[in-house]
1. From A:366, A:336, A:317, A:279, grab the single residue that is crowded, with 24+ Cβ neighbours inside 10 Å and over 30 Å from residue A:146 (Cα atoms).
2. Which residues, taken from the stretch A:283-299, are out of contact with any strand residue (DSSP E or B) (no Cβ under 6 Å at 6 or more places or on another chain) and surrounded by fewer than 24 Cβ atoms within 10 Å (Cβ to Cβ)?
3. From A:410, A:432, grab the single residue that is closer than 28 Å to residue A:99 by Cβ and either in contact with a helix residue (DSSP H, G or I) (Cβ under 6 Å, 6 or more places away or on another chain) or at pLDDT 90 or above (or both).
4. How about the stretch A:275-302: which of its residues are more than 11 Å from chain B (Cβ to nearest Cβ) and on the phi < 0 side of the Ramachandran plot?
5. Tally up the residues in the stretch A:160-187 that are more than 19 Å from the chain's Cα centre (by Cα) and more than 13 Å from residue A:252 (Cβ to Cβ), please.
6. Could you tell me which of the residues A:539, A:543, A:477 is modelled with pLDDT under 85, more than 13 Å from chain B (Cβ to nearest Cβ) and farther than 30 Å from residue A:78 by Cα?
7. For the condition closer than 22 Å to residue B:27 by Cα and surrounded by fewer than 17 Cβ atoms within 10 Å (Cβ to Cβ), what is the one hit in B:58, B:41, B:78?
8. Checking the conditions here, which among B:448, B:495, B:435, B:467 is touching a strand residue (DSSP E or B) at 6+ places or on another chain (Cβ under 8 Å) and modelled with pLDDT of 70 or more?
């Protein structure tokens, strides 16, 4: 149980979340103001809250507080929280001018009186802040209940955002799909949590780690615990759009407004990966062994073999199905949805490699991914065709002629998503694949590299169609969105994809905080006695030479 | 093999970071030029900004030179890439930071790169003035980008940043060759330059990869340390591949066999570009790279011999082609290829000093030659055909241009006691007598090439500047300019295909009706201050380039300045003057005396033949050509040389056509098999599957839920199975 003595440091660590909650309340009130100017300032206040949260998260984080809070990854928040807040600022921009467009237009022209029940800009941004705050809370989770509540705080607002973001029936359908399937995934990981509790007798994450370590040193983690872990992983796969829980992604991303899709592609994913890192951290990447029928222990490095196998298969299938799926799309949003699936596959490699190198690389990749995927979604949000979102390759053919900046940003983000140097995507992949290679995951790296090559097929189409293809009849009627902010966001992210790599070294160093201090407070040291060697089918790949 | 001497290790100096300004200034100027283009600026601002930025850059380098302490310095600008990891049991790292490596070789190269860059920018401010507006901004943007990239290339402290600069200069070259992008020939030339360079760049990239995988670093400092200690056993095939791959990159950038074909076509660019990028600076990047990597080449004698043979062969081949071209700029382009061949010959026979010195003198006189050719074009309606220009020295306003071109021609012909004579002499001398690196056969080839050089150089000068006054504007160019600028005075750069002029052009230019004033309302446009001033400065520079040697001869200095500059750098291995002790002999004479005699004979012999055929008795040149053409046994000589020995055609049939056919097949496969059958087919697959399974689920939502649940069930079953097999 959490004692009073740990309350103080923990509150200090939660300061950024509190700032975001305050911001969310403020934004939802301002959003109901009768003054159109005040309502227009909502995104600004949202950005102020996020920047303040980023600032506070850096300022209030101290080593003492983090270690007193008894977290599995005590320093993870000091990298993840600023990253969430700063990418969050970028995610606010594409929605400006799109939310409440019809209602605000009617009010401005006098066709309709202001009605507090019909404007939802405040709600939208408040939910966005709540969701980001939830993702931040995950970094401080010290027990499974907290983990569960924080995950729900990430997800519930996003269901509403999908429904609110766009007035069409498609968005409603997407929201309903997303909600029901999300509820299914919640049920799954909650059941997993229950099984873990059954196996270890505690909800405290540090306690679970100690219990698992004790089991691993003895007869191995028991069936209940392993099943619990696997169920929880599968449930969380929904958040990160990984196989077998990825089916919803193309439908939901396509149905949601494009700025909401951008949000879905980043924030729930960060939340899912933080939760997965914490859960897998309880089992740990060391101290496991195969126990043969004659009782001989063969120790190996890596996750418990069943867990490793599940993640391994899921990672391979996720990147492959994501890329193959994207190959077949005619809709840009669906292409980007599948691309988001495949990137999750790459990032799962980081989970398999584990702390410290794999987890660091994973969070560095998330940052890179956030920048480049936001660039592509924002570029789409910067355009429209007869009041509708731009969503087919025909719409962007020859875009260079009339919308050169947007066309270039789309191309840059696509090239970066392939992972071509010197773009930010290259450095993300480099760090991730290098960590995997170093830990002996050669097969996984090879599969990921082949997948990257395959992905060039559709990403380069996204780069070539706007730049090289002749304008089509459809693309001739594409105009800029009413607000310039989505285009500005696209330019910032696109230019960022080129410039951020200049600081690659420093960012990589910063990302090392993600796993700094992991395993420091472990009570039971892993028993490394007995013959070492390759384990089973999947852990053989985990064994260092 | 190990290195003969160890290389001084560099010290890290944060306090010298102001040297980074040399890189920053051209970048800022590029941004300003782009902004001026965006704001539709129509004045001479871009030229002014670029000239000031490059001048400031030159000043920074000059100050760095003044304050240089004598040991190499690494100047960190900021950290870019710095990875380290342990793999396969050993610790590895990949560091390529934005840092500058400053030693005398760097400073030497940067001094003439920034200095000439500034001068040529001033020249271009007048030369390009008819394009004021977007084109003017675009031009100076290209020049700024070029200078920034060239600075990165020369000053970087690691091979990755060098590669970045290498690609940057390639891009600038592409953009500027294609400056007149409405002209198909210019677009084709730009593409050709870019694609041919890609082949070389692939070699450079692979070489860099191999250097990293063998020596674990791409930073010069640590690489040189590894080379001094590690050496090379001869058994490591991948190590012995490195110099050949680097060489390929150098041959691409510096237009050597087999990758030289892009440079003559690159003359489609505006003349200041030809002078700056395609004569004086960018094309010497290959020479710089090999000089910089000399400690590595040092370990591979066979690679150095290859460099020497390629260089000597290119020098000869290009000279023979240059003898038969009618386009002034093309002649100079082939002479550039030929002179670059000399530089590689110098590197290959172990004298980096001779190569660097020739680079230095060549930069001046070749820039001078191109700029004088540009002034002629600028003044005579884009005319470059030496058969249609004659006696221009008598045209008012062109006297300075003519005399300056004479200086350039004399220097290119290696007039004894001129700067270029000293540098070329050093190369040939090294080829004869430089210890076990010497390849005397190449010395004879280089001497013969020197005679050919003198001939083709003065063929141009005698034809264009002496004899009866006769000129006409280029009709194609005039039509182009009239269309583009409303009959404004025309200039620009029009590449001629010499072969197409072979049949009719020849007789026409010697017809009777082509006298002065042939094209009625055409008036030459004499150059003004910016052009004449720069020409005179470059002429003085070309003369002064011999100063290092004059000072030695006068006993004021103990060694050549360029040699002193190289001696303190990583390229010092080959910096010693061969035969300095007068113990070597050629044909029984003291080596230096023999070179003076042989070189003088080659130069004056070439000039004399040119004077006879192209000044005193021009008819005999035609007679000689007709005689050669009439004899079936000698027909191939003039025809082959005029058609550039059919190398372009050879590449077309052997490389381009098969690649084109392959490309068509790929494109067909892409459209009909991949895009058609696979993508569209697969695209229909989910729909078909959906239709198949819909009755089962009753809707997509339930369908997804059932699929997810099925996946979870499968996974769980699998986990249980694994657990029962003993995996925990």
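The values are calculated or read from the model by the stated rules, or taken from the named source; none is laboratory data. If you're wondering where the values come from, they're calculated on a predicted model, not measured in any experiment. For neighbour counting, all protein chains shown are included, and Cβ atoms are generated from backbone atoms with ideal geometry for every residue, glycine included.
1. A:336
2. Listed by number, the residues that qualify are A:284, A:286, A:287, A:292, A:293, A:294, A:295, A:296.
3. Among A:410, A:432, only A:410 is closer than 28 Å to residue A:99 by Cβ and either in contact with a helix residue (DSSP H, G or I) (Cβ under 6 Å, 6 or more places away or on another chain) or at pLDDT 90 or above (or both).
4. A:275, A:276, A:277, A:278, A:279, A:280, A:281, A:282, A:285, A:286, A:299, A:301
5. Going through the stretch A:160-187 one residue at a time, the tally reaches 6.
6. Only one candidate qualifies: A:543.
7. Only one candidate passes the filter, namely B:78.
8. B:467
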